[in-house]
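Notes follow the structure.
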Amino acid sequence: MIELEQERAATTSSQGTGIYQKTGTYLHDAAGVHARVLVKVLDRYTVDKEAVAARLPPNRVLQPSCFYPDAQPTKVVQMNLDDDLSDNLRRQLRLQAKISATFSDASVGTYFPLSTMFENSVLFVPSAKRFYDLNQDIVHKYFPDVKTTVVNAFVVPKGKRPYGTHSASGIALQIPSLVKKGLGFPKLYKSFHTALTPSPLNRQPFVIFEEAEVEAPNLQFVYQKMLGLDLTPEEKESVDKALYLFAEGKLSEIDLPTVRDFLMAKYWEKKYAIEPSPGYYCDSRIGDALMFDNYRAHADSTLPLGTEDRVTIDFRCFSEVKYPPGMSSGLDFIVDPKERAHQIKRKKAAVEFLLMTLGYEGIDEFLRMVFGTPYGINPFELMTDLQFGVYNKTKYHLLDRNLDAHYERVERLYERIERDGEYALPERAKAHLQSLST
């Protein structure tokens with residue numbers, strides 16, 4: 001059961017406390033619904049059935065592995081958040097959502113290179129930096145092992161559903177030898193999921209499946225487990241195709257996280273149909289944060305549609321990640337230097353597009369503004385990248401830089417959107433998006 005932080009409860013009893021309670025939904029149902037949404041991504045790919053069969057058992061031996069974190073119960077923690085900061089965050093998040101809406105249909109899922117959320121939030125939410133600065137003492141108090149913190153901020157609009165059930169993973173967690181040695185991924189991975197709007201049950205509250213096993217398996221482990229569960233022929237065909245595309249490196253960078261989440265959702269759907277695991281939510285007030293283990297299954301898109309927006313700012317916090325000798329990030333797991341150079345170029349192009357949506361001519365203009373020079377800075381060093389296992393912050397970590405000039409520019413754009421009532425993607429950004437798509 002989730003723990004209500006006693007210090008918080010003692011100081012806020014006159015206002016009442018957030019009470020953790022069941023949603024009435026279950027992990028296998030929530031995951032099944034999400035899997036049926038994500039499976040659509042497989043329609044983008046055509047595969048040869050013989051090639052798929054040759055890559056999977058019994059023709060190929062799998063290499064399953066699973067990391068089991070030292071998970072702690074979820075806590076409710078009160079963050080430093082005054083009315084002015086709360087108002088600014090809500091306003092900015094709704095305005096960035098107008099920008100995202102002009103291109104977010106590029107992906108089935110929400111975590112993809114062009115997302116305005118997750119580590120990219122720092123570019124779009126000026127008040128996120130103040131929230132980050134105000135709350136680092138709280139993060140360190142409740143998570144002393146934290147080494148890197150990034151901001152994730154987002155809106156679940158009224159009448160819309162949040163992204164469905166998922167959990168954290170990473171490139172190193174797919175490699176059994178690294179899992180065994182504990183290298184390339186954070187052994188401790190916490191989130192401080194902070195409410196910027198009240199979150200009763202009719203407002204699409206954040207859901208945690210607190211009683212489910214906390215695990216971080218590779219997809220071969222997930223696939224192998226599913227073979228012993230109740231898969232229909234149609235389901236078997238879809239998980240075969242998904243693992244094949246993933247294992248053979250045939251997925252685009254945009255679709256790779258979605259396919260991973262599909263296999264995980266399908267796994268939970270089958271595993272927890274046998275022993276149902278209930279969902280829990282906290283009737284949170286503004287400023288309440290759920291501090292939870294990100295390797296734990298969370299989020300539920302099956303609740304009734306909300307009658308009001310749910311606005312959230314979230315810290316994603318990692319313990320220090322150790323890498324094999326001579327390596328400093330998951331990028332170094334890419335042996336081919338040409339492929340590694342391609343991924344750095346891809347990251348730069350993605351960040352450049354996001355900056356173009358804010359009116360920049362390109363990434364060099366932004367880097368010159370923040371660092372004084374656009375040269376010699378690897379774009380992966382600006383922020384973390386969960387897909388490629390870039391966790392440890394560098395001296396270029398944007399949340400530790402002075403971003404005032406950038407945020408003044410973002411504010412001018414937001415004021416224009418408010419005045420005009422709309423946002424149009426700049427032509428330069430449109431052309432760049434088209435080049436990324438092709």
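Ordering Tyr396, Val61, Val41 by Cα displacement along the dipole of the chain toward the positive end leaves Val61 in first place; charges were set at the Cβ atoms of Lys, Arg (+1) and Asp, Glu (-1).
Hey, in the GNM for the chain with a 10 angstrom Cα cutoff, which one of Thr232, Thr357, Thr312 fluctuates hardest? Result: Thr232 has the largest fluctuation of those listed.
The local environment of Gly164, defined by Cβ-Cβ distances under 10 Å, has a net charge of 0 under the rule Lys, Arg +1 and Asp, Glu -1. Modelled this way, with points 7 Å down the Cα-to-C-beta line, the labels at Leu201 and Leu305 are 2.0 nm from one another. Which of the residue pairs Lys98/Lys241; Lys141/Lys266; Lys250/Lys430; Lys98/Lys395; Lys345/Lys393; Lys160/Lys190 have a Cα-Cα distance greater than 28 Å in the structure shown? Exceeds cut-off: Lys98/Lys241; Lys141/Lys266; Lys98/Lys395.
Projecting the Cα atoms of Pro144, Ser284, Gly362 onto the dipole axis of the chain, where Lys and Arg carry +1 and Asp and Glu carry -1 at the beta carbon, places Gly362 farthest toward the positive end. Computed from point charges on the beta carbon alone (+1 for Lys and Arg, -1 for Asp and Glu), the dipole magnitude for the chain about its Cα centre is near 700 Debye. How many angstrom lie between the C-alpha centres of region 247-296 and region 27-73? The two parts, judged by their Cα centres, are 13 Å apart. Here region 368-438 is treated with +1 on each Lys and Arg Cβ and -1 on each Asp and Glu Cβ, and its dipole about the Cα centre works out to around 260 debye.
Calculate what fraction, in whole %, of the accessible area of the chain sits on carbon and sulfur atoms when a 1.4 Å probe is rolled over the protein chains. In the chain, the share of accessible area belonging to carbon and sulfur is 50 percent. For region 194-234 versus region 368-438, the inter-centroid distance based on Cα atoms is 31 Å.
Per residue, the average separation of C-alpha pairs within less than 8 Å and at least 6 apart gives region 44-183 a relative contact order of 30 percent. For every other residue with a beta carbon closer than 14 angstrom to the beta carbon of Thr25, add +1 if it is Lys or Arg and -1 if Asp or Glu, then tell me the sum. So the environment of Thr25 carries a net charge of -3.
Summing Cβ point charges (Lys, Arg +1; Asp, Glu -1) relative to the Cα centre of region 57-98 gives a dipole of roughly 380 debye. Taking a sphere under 14 Å around the Cβ of Asp230 and counting the other residues whose Cβ falls inside, with K and R at +1 and D and E at -1, yields a net charge of +1.
Full extension of the segment from Ala341 to Glu422, taken as 0.36 nm per residue of separation minus the current Cα-Cα distance, would add 25.4 nm. Rolling a 1.4 Å probe across all protein chains gives Arg409 an accessible area of roughly 50 Å².
The values are calculated or read from the model by the stated rules, or taken from the named source; none is laboratory data. Everything numeric in this text was worked out from a predicted model, so none of it was measured. Here the Cβ is made from the backbone with ideal geometry for all residues, glycine too, and neighbour counts use every protein chain on show. Accessible surface is based on the protein model in full, side chains and every heavy atom, while ligands, DNA and RNA are left aside. Shrake-Rupley method; radii C 1.70, N 1.55, O 1.52, S 1.80 Å.
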